[in-house]
Amino acid sequence: MTVKSKPSQEWTLDNRGTAWAYLVEGTRVTAPVILVADRDKDSTSLEAFADTVNSPDYPFGSMLARRGKDVILVGYEADADWSTAVGTVRSAVMETKRRCPGEQRVVLGGSGWSALLARYVLADLEYGGLDHRVGVYFCLDSTKPTPAEQAELFDVGNMPLLPRSLKITTDGFADLEELTAHDDPGLSMFDDALYASASPANSSWMTEEQGRWLLDRLP
């Protein structure tokens with residue numbers, strides 16, 4: 001995966017969503033990492049999202065590819081409301097599962113609002129008794145849900161139980177759980193957390209510090 005590179009495949013998702021798949025083995029999905037675009041950061045332009053994920057400041061997409069990971073970028077309409085965007089992310093998870101043979105575990109994550117979407121989709125699938133096959137869920141600088149969004153999260157158990165849950169919070173961002181690096185880690189809903197020291201450049205999705213921490217914790 002390189003900046004401005006063409007995806008190996010383009011998938012049409014529910015609710016007018018789209019996924020760009022960068023595959024390491026031809027047309028086969030073998031070790032997928034699904035990254036969901038944040039609505040405030042180029043959710044309608046997968047080309048812009050691809051450039052951000054693979055910024056020269058820190059090419060996270062290339063780092064994933066070097067480890068044999070397929071990168072699946074998911075975008076939705078800029079004016080999508082909660083339920084519409086949830087439908088798109090759910091479609092991406094199920095389409096990835098359909099295209100990935102065997103029992104390979106999937107990684108799913110996002111930044112900001114998209115991290116909440118991913119979290120809800122996984123909890124909702126588990127609540128409905130469906131196998132999402134996601135082994136790791138992560139959020140990058142997530143945001144606090146609105147009261148309506150929080151009510152929907154509570155209705156499905158608030159957090160997915162099956163995947164390992166990882167959280168990255170950059171210094172200066174409001175923590176999703178209102179915790180800090182000095183709080184008892186046992187208070188967190190997440191299995192592991194990083195409180196990063198610096199924000200990424202405007203052109204970059206994450207910093208090298210954040211990327212190395214996350215890569216070390218992916219299967």
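The values are calculated or read from the model by the stated rules, or taken from the named source; none is laboratory data. What you see is a predicted model, and the numbers here were worked out from it, not measured in a lab. Don't worry about glycine lacking a Cβ; one is built from the backbone with ideal geometry, like all the others, and counts go over all protein chains shown.
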Options L161, L117: the member that is in contact with a strand residue (DSSP E or B) (Cβ under 7 Å, 6 or more places away or on another chain) and within 27 Å of P185 (Cβ to Cβ): L117
Residues located in the stretch 102-126, provided they are of a type outside the set (A, V, I, L, M, F, W, C), under 12 Å from M159 (Cα atoms) and in contact with an Asp or Glu (Cβ under 8 Å, 6 or more places away or on another chain): Y120
Neighbours by Cβ (under 8 Å, 6+ apart or cross-chain): first from the stretch 1-26, within 16 Å of R99 (Cβ to Cβ); second modelled with pLDDT of 95 or more and of a type in the set (K, R): D14/R90; V24/K69
Residue in the stretch 78-97 that is part of a strand (DSSP E or B) and within 17 Å of the chain's Cα centre (by Cα) present: no
Number of positions in the stretch 107-135 that are under 16 Å from L166 (Cα atoms) and in contact with a His (Cβ under 7 Å, 6 or more places away or on another chain): 1
Qualifying residue in the stretch 22-40 (condition: more than 25 Å from P200 (Cα to Cα) and among the acidic types (D, E)): yes
Among residues of the stretch 49-99, those that are touching a helix residue (DSSP H, G or I) at 6+ places or on another chain (Cβ under 7 Å), charged (D, E, K, R) and at pLDDT below 95, counted: 1
Residue that is in a helix (DSSP H, G or I) and under 21 Å from E208 (Cβ atoms), where the choices are D51, D38: D51
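Where residues in the stretch 3-35 are part of a loop (DSSP other than H, G, I, E, B) and of a type in the set (A, V, I, L, M, F, W, C), which of them is modelled with the lowest pLDDT?
The first filter runs over the stretch 3-35 and keeps only residues part of a loop (DSSP other than H, G, I, E, B), leaving 3-8, 13, 17, 23-24, 26-27, 29-31.
Filter again for of a type in the set (A, V, I, L, M, F, W, C), leaving 3, 13, 23-24, 29, 31.
Values: V3: 55, L13: 97, L23: 96, V24: 93, V29: 96, A31: 96.
Once the filter is applied, the top-ranked residue is V3.
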Selection from the stretch 133-165 of residues that are among the aliphatic types (A, V, I, L, M), buried (at least 18 other Cβ atoms within 10 Å of the Cβ) and closer than 12 Å to A118 by Cβ: V134, V136, L140
Residue match in the stretch 169-192 (condition: modelled with pLDDT under 95, aliphatic (A, V, I, L, M), surrounded by 20 or more Cβ atoms within 10 Å (Cβ to Cβ) and at negative phi): yes
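Within the stretch 105-149, restricting attention to residues that are outside any helix (DSSP H, G or I) and among the acidic types (D, E), which residue is nearest to the chain's Cα centre (by Cα)? Give the steps one after another, and end with the answer.
Of the stretch 105-149, the ones outside any helix (DSSP H, G or I) are 105-112, 128-146.
Imposing the further condition that a residue be among the acidic types (D, E) reduces the set to 131, 141.
On the way: D131: 18, D141: 11 Å.
Step by step, filter the stretch 105-149, then rank; the result is D141.
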Residues satisfying the stated conditions in the stretch 16-61, i.e. polar (S, T, N, Q) and either surrounded by 17 or more Cβ atoms within 10 Å (Cβ to Cβ) or out of contact with any Ser or Thr (no Cβ under 8 Å at 6 or more places or on another chain) (or both): T18, T30, S43, T44, S45, T52, N54, S55
Where G102 falls short, out of the listed (1) touching a Lys or Arg at 6+ places or on another chain (Cβ under 9 Å); (2) at pLDDT below 95; (3) of a type outside the set (D, E, K, R): (1)
Cβ-Cβ under 6 Å pairs, at least 6 apart or on other chains, the stretch 87-109 side surrounded by 18 or more Cβ atoms within 10 Å (Cβ to Cβ), far side hydroxyl-bearing (S, T, Y) and not in a helix (DSSP H, G or I): T88/Y76; L108/Y137
